[in-house]
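So the structure is just underneath, and the comments pick up after that.
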Amino acid sequence: MGFRYGFSWPGLALDARPGVSPLLLVCLLAAVPALGNAAAEWRYSVGAHDFSVPDVDSHTYGINTSILVDQHSDTGPHLFGSFELLLDHDTDHLDPDHVPLWSQVLATADSDFWREGQLHFGWGAEFRGRVNTVSSVERQFTALPALVAGYDGDRFQASAEAGAGWFMLELDDDAPRQRGYGRTGLRNSTLAYAFTGKAGLKLGEFWTVSGLARHWQEGDQSIEEQYTLELRGDVGHWIDSHAGKNTELVLSSDFYKYNLDMYKQPNALPVLGWNDDVMFKVALESKW
């Protein structure tokens, strides 16, 4: 059992509208240099989601698909990448000019400095992005190198991470415009610190549950919190005729809470009428 977190993102170009940037795809493919290596496992998923904004009781339903690649090596770092496209059926129109296609991206690398039995100490690096969410996140990118201390048991895993990296969050200007804001002052791009805890537990022969909690800090103020919970089960023995197909049912939730006070202008309303969002997702994931 191992932690599996992906990386989904629309175009990397900071002036791009929702879509797939060729640069993004090149970077994703470059994350796994030995594509022909048998250790590189390619997977895909299809699913449905509910993107919720709890502060205003908003639910946006949609469908999604992703491609994932996972490479283990005896001589190099463990590499993982995922790219996800999501299509929303937007009825609440929190963003009055929202394009219902958006994306997420995740790329990670990790390796050990030291390992003794079930204990290890090493490093990790992560790039994560989201573009054009219904909650008025125009684009968000983070790049985080970190030191990692962990425990890898047969049934239970846990790790603690601490690092400093790039944090960028830009709000879409349509919803803020209705509150008296202009196009400027809606992006925060800064050096920030992050503290992360991860845990995973194997439930019987076919199921695992895992979670992530992350806190981003800039100076003396909190700028974002993220919580992820995932239940993953091997259901290939139910629906596949080929035992090696390894089809998994994935149930997940991904919660973000933002500190939007830094965007607030004097004598004005808050820049948005909410400061959090959560996506609930169900998907089937299989090998190529």
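Read the figures in this text as sums done on the coordinates, not as results from a lab. For clarity, every value in this text was computed on a predicted model and none was experimentally measured. Ideal geometry is used to build each Cβ from the backbone, glycine not excepted, and the neighbour counts take in all protein chains shown.
Rounded to the nearest Hz, the phi-derived 3J(HN,Hα) couplings of region 104-109 under the Karplus curve 6.51 cos²θ - 1.76 cosθ + 1.60 (θ = phi - 60°) are 9, 9, 8, 9, 9, 9, where x marks glycine and proline. Applying 1/(1 + (r/R0)^6) with R0 = 41 Å to the Cβ-Cβ distance of THR91 and ARG155 gives a FRET efficiency near 0.45.
Pairs of C-alpha atoms in region 166-288 farther apart than 27 Å represent 41 percent of all such pairs. Extension gain for ASN267-VAL99 works out to 57.4 nm (0.36 nm per residue, less the C-alpha to C-alpha distance). For region 266-274, 3J(HN,Hα) computed residue by residue from phi via the Karplus equation (6.51, -1.76, 1.60; θ = phi - 60°) reads x, 6, 10, 5, x, 4, 9, x, 8 Hz, glycine and proline entered as x. Note on region 127-168: Rg/Rh from Cα positions, Kirkwood definition for Rh, rounded to two decimals, is 1.19. For region 89-194, the average shadow cast by the Cα convex hull is 9.0 nm², which is a quarter of the hull's surface.
Label-to-label distance, ASP74 versus LEU119, with points set 7 angstrom from Cα along the beta-carbon direction: 2.7 nm.
Principal axis extents of the Cα atoms in region 7-287, from largest to smallest and rounded to whole angstrom, are 58, 42, 35.
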